[in-house]
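The values are calculated or read from the model by the stated rules, or taken from the named source; none is laboratory data. From a predicted model like this one, the values you see are computed outputs, not experimental measurements. In this analysis, Cβ positions are derived from the backbone assuming ideal geometry, glycine residues included, and neighbour counts consider all displayed protein chains. Quick note on the areas: whole protein, heavy atoms, side chains included, nothing else; ligands and nucleic acids left out. Shrake-Rupley method; radii C 1.70, N 1.55, O 1.52, S 1.80 Å.
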Amino acid sequence: DSGVTQTPKHLITATGQRVTLRCSPRSGDLSVYWYQQSLDQGLQFLIQYYNGEERAKGNILERFSAQQFPDLHSELNLSSLELGDSALYFCASSVGLGTVNTGELFFGEGSRLTVL
Amino acid sequence: AQSVTQLGSHVSVSEGALVLLRCNYSSSVPPYLFWYVQYPNQGLQLLLKYTTGATLVKGINGFEAEFKKSETSFHLTKPSAHMSDAAEYFCAVRKASGTYKYIFGTGTRLKVLA
């Protein structure tokens, strides 16, 4: 158990809909990352938050947005869903920033999204 | 920009044989390097990491990797494969300082043959 919790584990929805994926980081971790894993694209970095602020952005579509709340949990919002958005979405957390942080990412078990 | 290349999307080895999974990276600054393993329907789990110091790092489940700066490589090895090693393996790189973006390779699926 990595200590990172993601809900829901599975989600089936239709094209055009909107969904929200939730992530609770490990206790004490300030930094949250979102990744998308699909068969043809591998593990793609979407976005990173640190203590409530956006820190780095990757290949995140404009239809997608995320935020990190004061209690450090994070949500990834996916809207106007398309078939190609079907993927496994991972949240990961780490201790935070700073040169003393040599830490790895701790991953949740993912949220599998199926868009029909 | 950082990048990671994993040679071979699928690797098959016999049980008891040497496991070698290749990873080459590109980074303009000293990197931190990681190997993760993903079992079916699970998240990624850290196998080992290199930050500074000794270039040969040992991880869990008998795996080890060697950081070779001159070759920009961080290959993962295990002397003797076990059936339970069948999984997908990801190499990742992160800058030692600055933005904390972790870049992952495309993964190598390891199959262990009885």
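So what is the relative contact order of segment A:1-109, in percent, for Cα pairs below 8 Å that sit 6 or more residues apart? All intermediate terms of the calculation are to be shown ahead of the outcome.
Values: 239 pairs, mean separation 37.4, N = 109.
Relative contact order for segment A:1-109 comes out at 34 percent.
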Tell me the relative contact order for chain B as a rounded percent, counting alpha carbon contacts under 8 Å between residues six or more apart. 37
Per residue of B:26-37, how many C-beta atoms from partner chains lie within 10 Å of its own C-beta, taken as a mean? 1
Calculate log10 I(q)/I(0) of the protein assembly as shown for q = 0.11 Å⁻¹, where I(q) comes from the Debye formula with a single equal point scatterer on each Cα and nothing for solvent. -0.55
Once label points are set 7 Å from the Cα along Cα→Cβ at both B:H10 and A:E54, what is their separation, rounded to one decimal in nm? 3.9
Of all DSSP beta bridges with both partners in chain A, the antiparallel percent, nearest 5, is 90
For labels at A:Q17 and B:S70 in the simple 7 Å Cα→Cβ model, what's the distance in nm? 5.7
Filtered hits (lysines, Cα-Cα < 23 Å from B:K58, offset >= 8 within chain) -> B:K49, B:K68, B:K69, B:K78, B:K95, B:K111
Percent of accessible area on the protein assembly as shown owned by carbon and sulfur, 1.4 Å probe? 51
What nm value, rounded to one decimal, do you get for the distance between B:Y39 and A:S38 when each label is placed 7 Å out toward the C-beta? 2.9
Around B:V112: net Lys/Arg minus Asp/Glu count, Cβ-Cβ under 15 Å: 0
Restricting attention to the alpha-carbon atoms of chain B, what are Rg (one decimal) and Dmax (integer), both in Å? 13.6, 45
Using only the Cα atoms of chain A, each taken as one equal point scatterer with no solvent, compute I(q) by the Debye sum, divide by I(0), and report log10 of the ratio at q = 0.12, 0.13, 0.15, 0.17 Å⁻¹. -0.38, -0.45, -0.60, -0.76
Sorted by packing (mean other beta-carbon atoms within 10 Å per residue), highest first, where do B:100-110, B:12-22 land? B:100-110, B:12-22
